[in-house]
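J.: I have a structure I would like to understand better, so I am pasting it below and will then ask my questions one at a time.
The values are calculated or read from the model by the stated rules, or taken from the named source; none is laboratory data. This one's a predicted model, so the numbers in the text were calculated from it and none came from an experiment. Using ideal geometry, Cβ is built from the backbone for each residue, glycine included, and neighbour counts are taken over all protein chains shown.
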Amino acid sequence: MPYIVARALYNKGVILVGIFVFVPALLCVPLYDMSDAIRQQSNQIEISRTAMLGDQIPADVTIVGEPVFWFALHSTRNYIGWTGISYYARVHDLPLKDTLQALNPHTVICWQGYVERCAAVTDTGLFAPATEFVVGEDRYWIFRTL
């Protein structure tokens, strides 16, 4: 194999074809994807929708929530994703209620599609009844401390 590569690089025609055909072909797809994403503005729309929740949550508090809210809320708050909650509970061998008591979040955000997770948060008794928050077509429960 190294012999074939060395032999191909020795030939100027192969080098020219590589530079003017293969390299642009490799770059074309990522550049098209990037320009399409910029045109659709899907990230900006998603961030602007999730940023509306930021006005309802005070700064300098701890939040447990879904990853979609991280970008909009993490800069002025201590944001812990559900993956972090799972790791903390597993490392310290704690149930959800004890994990939430240890981390003392002000707000918990739960996607309604995770029925068991949302029910477990409700069953802890640590939070007021949930309010609904809609982001696009997704619905989330917002739990606040009592």
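J.: Please name all residue pairs, on different chains or six or more residues apart, with Cβ atoms under 6 Å, provided the first residue is in the stretch 90-109 and is more than 13 Å from Arg77 (Cβ to Cβ) and free of Cβ contacts under 8 Å to residues at least 24 places away in the same chain and the second residue is in a helix (DSSP H, G or I) and among the small types (Gly, Ala, Ser).
T.: As it stands, the answer is Thr99/Ala89, since those pairs meet every condition given.
J.: Given Leu27, Leu9, which one is at pLDDT 70 or above, in a helix (DSSP H, G or I) and not basic (Lys, Arg)?
T.: Leu27
J.: Any residue in the stretch 68-77 that is of a type in the set (Val, Ile, Thr), surrounded by fewer than 17 Cβ atoms within 10 Å (Cβ to Cβ) and touching a strand residue (DSSP E or B) at 6+ places or on another chain (Cβ under 9 Å)?
T.: Scanning the stretch 68-77 turns up no residue that is of a type in the set (Val, Ile, Thr), surrounded by fewer than 17 Cβ atoms within 10 Å (Cβ to Cβ) and touching a strand residue (DSSP E or B) at 6+ places or on another chain (Cβ under 9 Å).
J.: Just give me the residues in the stretch 40-62 being at pLDDT 90 or above and under 14 Å from the mean Cα position of the chain (by Cα), in sequence order.
T.: The answer is none; no residue qualifies.
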